[in-house]
Amino acid sequence: MPKKKLRAEIRRQRSSMTALELYMNGEVNENGISLSVSEETTGGCRLGRIDLSIASDELEQSDNLQMQEPIRLYLPVDESPRDITAIYMFSSWWSRPAFVQKLSDIPDKTQVLLLRYDNRYACFVPMVGERFKSYLTCGNQTQLQLVLTALYGGISEVHEPLFLYAEALSVDEAISTVFTELARVKNIRLREQRRIPEMFRRLGWCSWNAFYTDVNDEGIRQKAAELAEKHVPVKWMIIDDGWLTLKNRLLYDYQPDREKFPEGFRGLIEDIRRSTGVEWFGVWHALMGYWSGIYPDSPVARQEAAYLRRTASGRLVPDPDRGAGFYRDWYKTLTEQGISFVKVDGQGTIPLCFENTLPLGEAADALHGSLEDGASRMDSAIINCMGMSMENILSRPASAISRNSDDFFPTIEDSFKEHLLQNAYNSLYHDRLYCCDWDMFWTTHPDSVKHALLRAISGGPVYFSDRVGETDADVLRPLSYINGELLMMDRSAKPTADCVFIDPFKSGFIKLQNTASFGAELRGGGIAVYNLGDGEIACSVSPCEIDGISSFEKYLVYDYFSKTVRTVRCDEKIDCRLEKGGYGWFVFLPVTGNCTPVGLTDKYVGFTAIESIRNCGNIQTVILHEADTFAFVSDDLPKKITVNGGDVTDIAVRNDALIVIPMDEEIGQTVVVIEM
């Protein structure tokens, strides 16, 4: 930010609001308040800081900062951006984008601000300090407005970071610079430093949209039997909300509800493991035990008294400083029952529960540390959920999975658009730190194929929540191998650069891009296009729009749904038209010779099944992860094709330059040799 005069508004417990003016890197002393706002350069970013002290008289009642929004800063801006995408908290749990033109239109509780200027891009992130959290709200033509709060009254000293700001030639680079520095400053890991637990690389199922809170032993058994009968390779199941023993909607006992699960989980899990391919089981719970905490006169409260805390609002919840004992004891009980992982919901309740009990930053940092300490006995296998506020995002030491959007709502008409919007734009920043979970879906929903494609390119866990008897195995087959292993892409899918600052509900479409390994040494990629408008739309896609794809002069383009191919230059655009509600998936693979393998054509990201490509003279050897219908592109007819030594030349089907080899699905490495 330029060195101009800024304005501060300080709200205290017993005085009227004090307005102060000062210069960046300057100081002001007025009405017993000493205030300085400074800026320094670190990690390619500008780091803003605030230092504030309120004087007091030992013989007078203190007049320190009020609890609610005690500090507002108006930061000067030299140049107005051309376009703004503000990613803001629309609830206590989730963020979504707003596409605005003026600083005065920035939504309240904005936590990531993306700016486009004529010749550069910028990313501005309000920070969470040891006690205070800052966020953006509507500014004016020349100022950003930053709000600071600890949700804890009576504080007289503030020495906190305010924001990180970086500029770059691409919006992706600006975001990466800021979040890399955020991770360093907050001492947390980037996504690539977090280990994804093995079960989340496999296909899963969740009980929530199947049963909601009516989940029970018999229902889980029936669903597991159905999946085995339909040969759906689910490897993990979550027993979601509804299994807990509660009293007055508070956690009462660690053991499952005895009416729903008369014999607990152990027998259920052992029976399903013996009769199906399911290997891992997880359960849901809220961060505080249940939504509002723990019942005071309960077995849990008595057993865990040393690890619990009564908040100012009267809730009994895990103590942030000592709560690791609470989670350790609970997870010990669960692992003895056969549970391997947890989905921890309601993480955004930290401000609600600890208001005027602990400063927000301190409570979030300590409680997430306690949770992950306790979950270490589960190998940190946590799905973090309802926790996209920055105090949650910046407080998790090691767990890798974090939900990326509000729920999938199967009964709300046309809800897919909002679900897509949130996942796409939240990934712009959330992916820097976490493997993003794009939530479950129904395979029999009218939008099931749209959802399946979205999960295939999400780069995160894939799981569904069909009711008993309603799973469509064909919708799931393009997502995984026979053994349930996912064909995962590198990271979260993100909007192409030309979509970052344009409201897709107004433009009528969105394009999402991602990359993955192609033959071990190369990276391929893809662009999914969704029509979100009210009629037919026209747009274009190009390999140069994919961040991180291998750089080559020419690319093979495989249209997944039409099963057609063509070759384009790196900067060449391909026009596409989609009818209302339509969608497309275009795979781009670098062309390195006269023969380019496409991969498994029945899988959305089937090129990731290509483990290696070896060219020797006129012979190409392709090693596949497993057998299934395979295709390659060549202008010339092959002389001979073998699969695991067997000649399949006569069954190959040629469609222009695309040559398809029909194969049944079969587990095990498959060697294809093409002799030209």
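The values are calculated or read from the model by the stated rules, or taken from the named source; none is laboratory data. Bear in mind the structure is a predicted one, so any value in this text is a computation, not a measurement. Counting neighbours? That spans all protein chains shown, and the Cβs are built from the backbone with ideal geometry, glycine included. Only protein heavy atoms, including side chains, enter the accessible area calculation; ligands, DNA and RNA are left aside. Shrake-Rupley method; radii C 1.70, N 1.55, O 1.52, S 1.80 Å.
So which helices (runs of 4 or more DSSP H) are wholly in region 189-290 and hold at least 3 residues that are closer than 19 Å to Met378 by Cβ? Talk me through it step by step, then tell me what you get.
On the way: elements: 208-211, 217-229, 266-275.
The qualifying helices (runs of 4 or more DSSP H) are 266-275.
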| request: Given the conditions (1) under 16 Å from Val128 (Cβ atoms); (2) modelled with pLDDT under 95; (3) among the aliphatic types (A, V, I, L, M), report the number of the one that Met378 does not fulfil. | output: (1)
| Counting residues that are of a type in the set (S, T, N, Q) and within 15 Å of Leu428 (Cβ to Cβ), which strands (runs of 3 or more DSSP E) fully inside region 36-126 reach at least 2? | 110-116
| request: Could you tell me whether any residue of region 341-352 is more than 27 Å from Val215 (Cβ to Cβ), at pLDDT 95 or above and open to solvent by less than 10 Å² (accessible area, probe 1.4 Å)? | output: no
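Taking the condition at pLDDT below 95 and closer than 27 Å to Ile623 by Cβ, does Ala516 pass? Talk me through it step by step, then tell me what you get.
Numbers: at pLDDT below 95: no; closer than 27 Å to Ile623 by Cβ: yes.
The answer is no for Ala516.
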| remark: By residue number, the members of region 483-537 that are of a type in the set (A, V, I, L, M) and more than 22 Å from the chain's Cα centre (by Cα) are Ala520, Leu522, Ile537
| said: Which pairs turn up if I take residues in region 221-242 that are open to solvent by 40 Å² or more (accessible area, probe 1.4 Å) and look for partners that are of a type in the set (A, V, I, L, M) and not in a loop (DSSP other than H, G, I, E, B) with beta carbon separation below 7 Å, at least 6 apart in sequence or on another chain? | reply: Arg221/Leu268; Arg221/Ile272; Lys230/Ala473; His231/Ala473
| message | I'd like the full set of residues that are open to solvent by less than 60 Å² (accessible area, probe 1.4 Å), in contact with a Phe, Trp or Tyr (Cβ under 7 Å, 6 or more places away or on another chain) and not aliphatic (A, V, I, L, M), limited to region 245-264. | response | Thr245, Tyr254, Pro256, Asp257, Lys260, Phe261
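Let's see how each residue does on (1) open to solvent by 10 Å² or more (accessible area, probe 1.4 Å); (2) aliphatic (A, V, I, L, M):
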site	(1), (2)
Lys109	yes, no
Leu113	no, yes
Tyr117	yes, no
Ser134	no, no
Gln145	yes, no
Leu151	yes, yes
Ala183	no, yes
| Considering residues of region 428-446 that are closer than 17 Å to Leu114 by Cα and charged (D, E, K, R) only, the residue most open to solvent (accessible area, probe 1.4 Å) | Arg432
| note | With the first residue restricted to region 362-375 and required to be of a type in the set (Phe, Trp, Tyr), and the second required to be crowded, with 22+ Cβ neighbours inside 10 Å, Cβ contacts under 9 Å at 6 or more apart or on different chains are none
| field | Residue list for region 22-43, filter: loosely packed, with under 13 Cβ neighbours inside 10 Å, at negative phi and touching a strand residue (DSSP E or B) at 6+ places or on another chain (Cβ under 7 Å) | value | Glu27, Glu40
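Can you pull out the residues in region 191-220 that are open to solvent by 10 Å² or more (accessible area, probe 1.4 Å), over 18 Å from the mean Cα position of the chain (by Cα) and not polar (S, T, N, Q)? Can you show your working first?
Step one: filter region 191-220 for residues open to solvent by 10 Å² or more (accessible area, probe 1.4 Å), giving 191-196, 198-199, 201-202, 208, 210-214, 216-218.
Checking the rest, the ones that are also over 18 Å from the mean Cα position of the chain (by Cα) come to 208, 210-214, 216-218.
Passing the criteria: Trp208, Ala210, Phe211, Tyr212, Asp214, Asp217, Glu218.
Within region 447-454, is even one residue of a type in the set (D, E, K, R), open to solvent by 10 Å² or more (accessible area, probe 1.4 Å) and in a loop (DSSP other than H, G, I, E, B)? Show your work before the answer.
Quick first cut of region 447-454, residues of a type in the set (D, E, K, R) only: 447, 450.
After this cut, where a residue has to be open to solvent by 10 Å² or more (accessible area, probe 1.4 Å) as well, the list is 447, 450.
Imposing the further condition that a residue be in a loop (DSSP other than H, G, I, E, B) reduces the set to 447.
Yes.
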| Would you say Ser399 is more than 12 Å from the chain's Cα centre (by Cα), closer than 20 Å to Trp284 by Cβ and open to solvent by 10 Å² or more (accessible area, probe 1.4 Å)? | no
| Flag for Leu164 being within 22 Å of the chain's Cα centre (by Cα) and crowded, with 23+ Cβ neighbours inside 10 Å | yes
| query | Taking only pairs six or more apart or across chains, which ones have beta-carbon atoms under 6 Å, a first residue in region 71-88 that is farther than 30 Å from Ser156 by Cα, and a second residue that is at pLDDT below 95 and open to solvent by 20 Å² or more (accessible area, probe 1.4 Å)? | reply | Asp78/Pro2
| query | Considering only region 44-70, how many residues are at pLDDT 95 or above, open to solvent by 50 Å² or more (accessible area, probe 1.4 Å) and within 31 Å of the chain's Cα centre (by Cα)? | reply | 3
| task | Specify the residue that is farthest from the chain's Cα centre (by Cα); the eligible residues are those in region 575-595 that are open to solvent by 10 Å² or more (accessible area, probe 1.4 Å) and under 30 Å from Met676 (Cα atoms). | result | Asn594
| How about region 465-509: which of its residues are open to solvent by less than 50 Å² (accessible area, probe 1.4 Å), closer than 20 Å to Arg82 by Cβ and hydrophobic (A, V, I, L, M, F, W, C)? | Cys499, Val500, Phe501
| When you go through (1) assigned to a helix (DSSP H, G or I); (2) in contact with a Leu (Cβ under 9 Å, 6 or more places away or on another chain); (3) open to solvent by 10 Å² or more (accessible area, probe 1.4 Å) one by one for Ala363, which number turns out not to apply? | (3)
